[in-house]
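The values are calculated or read from the model by the stated rules, or taken from the named source; none is laboratory data. Since the model is a prediction, treat every value here as computed from it, not as a measurement. Cβ coordinates were reconstructed from backbone atoms using ideal geometry, including for glycine residues, and neighbour counts include every protein chain displayed.
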Amino acid sequence: MKVKVTRNFQVTIPSEIREKLGIKEGDYVEVTLDESNGTMIIKPYIRKWTTIRLNKK
């Protein structure tokens, strides 16, 4: 599948791939480069939230 790189070096992830990976607007993705074969790997990034309780109800 081919996508175009815009002037600001942005790319659009095709809808069928976004749906399979469960990526929605505002989500983060992790991008890595496999230099051995020149491929870019995009994975959903799941943020782990830390909750701090301040003894307030």
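What to note about this one:
- Across the stretch 38-54, the number of residues qualifying as farther than 21 Å from Leu21 by Cβ and not hydrophobic (A, V, I, L, M, F, W, C) comes to 4.
- The requirement of being of a type in the set (Asp, Glu) and part of a loop (DSSP other than H, G, I, E, B) is not satisfied by Glu30.
- The listed residue being in a loop (DSSP other than H, G, I, E, B) and surrounded by 10 or more Cβ atoms within 10 Å (Cβ to Cβ), out of Ile42, Ile17, Ile23, Ile52: Ile23
- Scanning the stretch 26-39 for residues that are charged (D, E, K, R) and either surrounded by 10 or more Cβ atoms within 10 Å (Cβ to Cβ) or in contact with a Gly (Cβ under 6 Å, 6 or more places away or on another chain) (or both), we see that the one that is modelled with the highest pLDDT is Glu30.
- Top-ranked residue of the stretch 1-32 - restricted to ones that are in contact (Cβ under 8 Å) with a residue 12 or more places away in the chain and out of contact with any strand residue (DSSP E or B) (no Cβ under 9 Å at 6 or more places or on another chain), ranked as nearest to Lys43 (Cα to Cα): Pro14
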